[in-house]
Amino acid sequence: MGNPVTHWQIVSKDPEGAAGFYKELFGWNVDTANGLNYRMIDTQSDGKGIPGGIWPSPPEGHALVQLFVEVDDVAAASQRATELGAAVVMPRQVLPDGDEMAIIHDAFGITFGLWRKRSIIPEV
Amino acid sequence: MVKISEAHSPPQQSPSNNFRLRLQSELAERCASNPQYSLRSFALHLGIDHSTLSQLLRGKRRLTEAAIQKLGSALKLGSDELESYLADHRRWPVADPLVDEATRLTRDAAEMIADWYHYAILELTRLESFRADSSWVARVLGISTDEVNIALVRLCHLGLLSMEGDRWVDRSQGLVVSMEDFTQAAIDRLWSQVRELALASIRDPARIHEHHSTTLAVDSKRLPEITEKIARFRSELLELLQHDRAHDDVYRLEINLFPITRTRPTKESDDG
């Protein structure tokens, strides 16, 4: 498979306010029924576009948008990223729903996520 | 389990530490202005390996004159500033009282997790009833899910916690965080938070809690002996509890010993 961008994420100091804003503006649906209480956004576009989410920024941080790229192997992609000069902000984690993710900071100042869906993880 | 040393006294700094402290403060500032900034990012900027930088920051590797020149140049320090660090280094090339053989978090890392609930989350993971669920953690600790999630990212970023599906695993074993690593503002915030937690506990008759406070006259020559006894008591209590398998709650133990006089009473001042 290729490495498509499959998810986007708004990081906000006021995640509840941001969720309300986009819900009001675009009619997006925000669902927090998951293990991290993650504000998962469905743009309600009949399969067009990609889903997103909203994550809280720490007080000392600032607002930003991150893209998540789907990969076959999060650990291997993290390693390759560091070989290319990037830094790992958050090493591979397995989320409560089984998805895997890591956050990378490239050498050009951009942070992005690596993502692997639980559905494509082979059962051991 | 992260052990937080209660001993808090101002760190003894010599000029030979200046450049290392300059590096620490530069990293702290960058992390404060960019939450995604990390030790690796800083190492990348400085053109050195991140593990080398980590050792330099923690005082586990001595800064050489060549290293100060290289890193100072990467930080674009002015020639006067760089020369002053080099002069200090030449004068005090060996003394480095901040070097600590224990495994310690860097100062910026300790600062990042100064709020009480970071440690509480780590301890919660040891409970049999623990649920890898931000809402559950938030409810148990009485904080918001956003606060839990921000803490979660910080702890994972620092390698103190890992998420493994339906388990969150405490990876902080053996780490020591000294209060010396916190800024005064962080210490003030932490004490204020702990005071609020203690007050809430006193008002809850349904839970077991112990609060003791004694005012006593002391012979100040015996203070080292007293602090040593307190340290031993803490160690013994931790030793007693850490092998229990069935943890079902998280408590906080606070031991404070401090002067309540504003200045030390002396005969001279009494005589006026």
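Applying D = kT/(6 pi eta Rh) to chain A, where Rh is the Kirkwood radius over alpha-carbon pairs, T corresponds to 10 °C and eta to 1.306 mPa s, the Stokes-Einstein value obtained is 103 µm²/s.
Provide the FRET efficiency to the nearest 0.05 for the A:Glu60-B:Asp219 pair, computing r from the beta carbons and using R0 = 56 Å. My answer for the efficiency is 0.80. Of all DSSP-defined beta bridges confined to the protein assembly as shown, some 70% are antiparallel rather than parallel. First measure r as the distance between the Cβ atoms of A:Lys48 and B:Leu21, then evaluate 1/(1 + (r/R0)^6) with R0 = 35 Å and state the FRET efficiency to the nearest 0.05. Once the sixth-power term is evaluated, E becomes 0.05. A crude spin-label estimate for the pair B:Thr263 and A:Leu67, with each label 7 Å from Cα along the Cβ direction, gives 6.6 nm.
Within the same chain, aspartates and glutamates fewer than 8 places from A:Lys117 are excluded, and of the rest, those with a Cα less than 13 Å from its Cα are A:Glu70, A:Asp72, A:Asp73, A:Asp97, A:Asp99, A:Glu100. What the Cα atoms of region A:8-66 give is an Rg and a Dmax of 11.3, 37 Å. Summing Lys and Arg as +1 and Asp and Glu as -1 over all other residues whose Cβ lies under 12 Å from the Cβ of A:Asp31 gives a net charge of +1. Among B:Thr52, A:Thr111, B:Thr266, a tally of other beta-carbon atoms within 10 Å of each Cβ gives an order, fewest to most, of B:Thr266, B:Thr52, A:Thr111.
For A:Ser57, B:Ser79, the sequence from fewest to most other C-beta atoms within 10 Å is B:Ser79, A:Ser57.
From helices alone, the protein assembly as shown scores -12000 deg cm²/dmol at 222 nm; the rule is -39500 (n - 2.57) for each run of n ≥ 4 DSSP H residues, then divide by the residue total. Dividing the mean sequence gap of close Cα pairs (under 8 Å, 6+ apart) by how many residues region B:108-211 holds gives a relative contact order of 31 percent. Centre-to-centre, using Cα atoms only, region B:182-257 and region A:82-106 are separated by 37 Å. Using θ = phi - 60° in the Karplus curve 6.51 cos²θ - 1.76 cosθ + 1.60, the 3J(HN,Hα) couplings for region B:215-222 round to 9, 9, 7, 10, 8, 4, 5, 8 Hz; x is entered for Gly and Pro.
Using only alpha carbons, the protein assembly as shown has a radius of gyration to Kirkwood radius ratio (Rg to Rh) of 1.01.
When both bridge partners sit in chain A, DSSP labels roughly 75% of those beta bridges antiparallel. Please label the shape of region B:108-211 as rounded, prolate or oblate, based on the square roots a ≥ b ≥ c of the eigenvalues of the alpha-carbon gyration tensor (a/c under 1.5 means rounded; beyond that, a/b larger than b/c means prolate, else oblate). It comes out oblate by the Cα gyration axes. The calculated FRET efficiency for the pair B:Ser129 and B:Ser192, based on their C-beta separation and a Förster distance of 41 Å, comes to about 0.90. In this label model, B:Asp166 and B:Ile255 are separated by 4.0 nm, measuring between points 7 Å along each Cα→Cβ vector.
Bear in mind these aren't lab numbers, they're just calculated from the coordinates by the rules spelled out. What you are looking at is a predicted structure, and each value in this text was computed from that prediction instead of being measured. Don't worry about glycine lacking a Cβ; one is built from the backbone with ideal geometry, like all the others, and counts go over all protein chains shown.
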